[in-house]
Amino acid sequence: LDISWRSEFPRAEIARRPATLWRYREALPLERPEEGVSLGEVMTPLVPLELPRGRVLLKCDQQLPSGSYKDRGSAVMLSAIREMGIDHILEDSSGNAGASIAAYAARAGVRADIFAPEAASPGKLAQIAAHGANLVRVPGPRSNAAAAALEAASTTYYASHCWNPFFLHGVKTLAFEIVEQLDWQMPREVIVPAGNGALLLGLWLGFDELRLAGVIPRWPRLVAVQAAACAPVYHAWRGESAPEAGATIAEGIAIANPVRLREIRSVVNLTGGRVVTVSEEEIVFALRYLAGNGFFVEPTSAAAPAACLAQGAEAGSVVVLTGHGLKAAAQVAQSIGSNRIEQ
Ligand SMILES: *Cc1c(COP(=O)(O)O)cnc(C)c1O
């Protein structure tokens, strides 16, 4: 299910508005964007980082209110939900989307049931519960939580970050910010971690709307990064069948059955992009490299920088940092620590 929306970008007016995602109000599929559900979504910084093989720009979405990029989608989706007069929603998530939706539901005064795998990071589960959402811990793999949510969705509004199109229309503001921060020019390449593909598809939607409005001439190449241990998008993109998914430290992208797999594949190809994988060692190396340069992110967020470190990146590429290190501080400490000992 998608929403067709013709976006406009009145640049002079946009420049005069507060530096939040609401400055792109003509592009948001809402009746009253000025009354949107907001926790203060700062326009996240685009910060250069020197890598051994070239300089990239880090888009620091870990700085959003709940600590992950998901806040873009949640802010717009909960605004739409409130406009529709819905007062009870459900979502399933490995953590960050649940934490984000719980925060925005609390802000909107909407009741939320969040189905999460029992093994999700304690910090994320604590966040969900602290915001007053009804946390349903589902034993077994991530797909069990998805199945339980789908069943409950027969009677409750499914505010899914994977299925719900309003979520993608929030995530697309990431593309608007990147282009505005580059003086309304497009980057050549954008590199993102991909699990269910909400980040990738939201970005594509944003770049496509900018293209249709004549702001940029074409799409940048979109590069999706997966953990080699769980890489269904990678294998589908290569036209091969995927081996059974294994465990990865990148829990936020450990998705064995991405619901929009076909769309992800076609968007990557349309933009001339690619899907790549990184090993657990490469993720830990990147985590350490980032932390050693002052960037404290969760392991999932290190996957995209890991691809740049291991395989090189064209100078000027934008790499999205998706989740804050405090979300999974214990895992970060553990993996960086054990890596040091091995050396
Ligand atoms: C959700 C998430 C991602 C990307 O997942 P998609 O489902 O592909 O959008 C990446 N990093 C973190 C930290 C996340 O929470």
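The values are calculated or read from the model by the stated rules, or taken from the named source; none is laboratory data. The structure displayed is predicted, hence computed values, not measured ones. Positions of Cβ are generated from backbone atoms using ideal geometry, with glycine treated the same way; all protein chains shown enter the neighbour counts.
Looking only at residues that are buried (at least 21 other Cβ atoms within 10 Å of the Cβ) and modelled with pLDDT under 95 in the stretch 224-250, which one is nearest to the ligand (Cβ to nearest atom)? It comes out as 250.
Tell me, please, whether a residue that is under 30 Å from residue 293 (Cβ atoms), in contact with a Ser or Thr (Cβ under 7 Å, 6 or more places away or on another chain) and among the β-branched types (Val, Ile, Thr) can be found in the stretch 47-57. Yes, some residue in the stretch 47-57 is under 30 Å from residue 293 (Cβ atoms), in contact with a Ser or Thr (Cβ under 7 Å, 6 or more places away or on another chain) and among the β-branched types (Val, Ile, Thr).
Scanning the stretch 63-82 for residues that are surrounded by fewer than 24 Cβ atoms within 10 Å (Cβ to Cβ) and within 27 Å of residue 313 (Cβ to Cβ) gives a single hit, 63. Of all the numbered requirements in (1) surrounded by fewer than 23 Cβ atoms within 10 Å (Cβ to Cβ); (2) within 17 Å of the chain's Cα centre (by Cα), residue 299 misses one, and that requirement is (1). Put simply, of 66, 94 the only residue that is under 20 Å from residue 200 (Cα atoms), hydroxyl-bearing (Ser, Thr, Tyr) and at pLDDT 95 or above is 66.
Would you point out the residue of the stretch 221-244, among those that are in contact (Cβ under 8 Å) with a residue 60 or more places away in the chain and either β-branched (Val, Ile, Thr) or part of a loop (DSSP other than H, G, I, E, B) (or both), that is nearest to residue 182 (Cα to Cα)? I'd like the intermediate steps shown before the answer.
The initial filter retains those residues of the stretch 221-244 that are in contact (Cβ under 8 Å) with a residue 60 or more places away in the chain, namely 223, 225-227.
Add one more test, that the residue is either β-branched (Val, Ile, Thr) or part of a loop (DSSP other than H, G, I, E, B) (or both), and what stays is 223, 225.
Values: 223: 19, 225: 23 Å.
In this case the residue turns out to be 223.
Candidates in the stretch 251-277 are the residues that are of a type in the set (A, V, I, L, M), modelled with pLDDT under 95 and buried (at least 19 other Cβ atoms within 10 Å of the Cβ); of these, the one that is farthest from residue 142 (Cα to Cα) is 253.
Residues of the stretch 259-309 being charged (D, E, K, R), touching a Leu at 6+ places or on another chain (Cβ under 9 Å) and under 21 Å from residue 236 (Cβ atoms), which ones? Steps first, please.
Taking the stretch 259-309 first, the residues charged (D, E, K, R) are 260, 262-263, 265, 274, 280-282, 288, 298.
In the following step, the residues that additionally are touching a Leu at 6+ places or on another chain (Cβ under 9 Å) were identified as 260, 263, 274, 282, 298.
Listed by number, the residues that qualify are 260, 263, 274.
The set of residues from the stretch 161-210 being within 11 Å of the ligand (Cβ to nearest atom) and assigned to a loop (DSSP other than H, G, I, E, B) comprises 161, 162, 194, 195, 196, 197.
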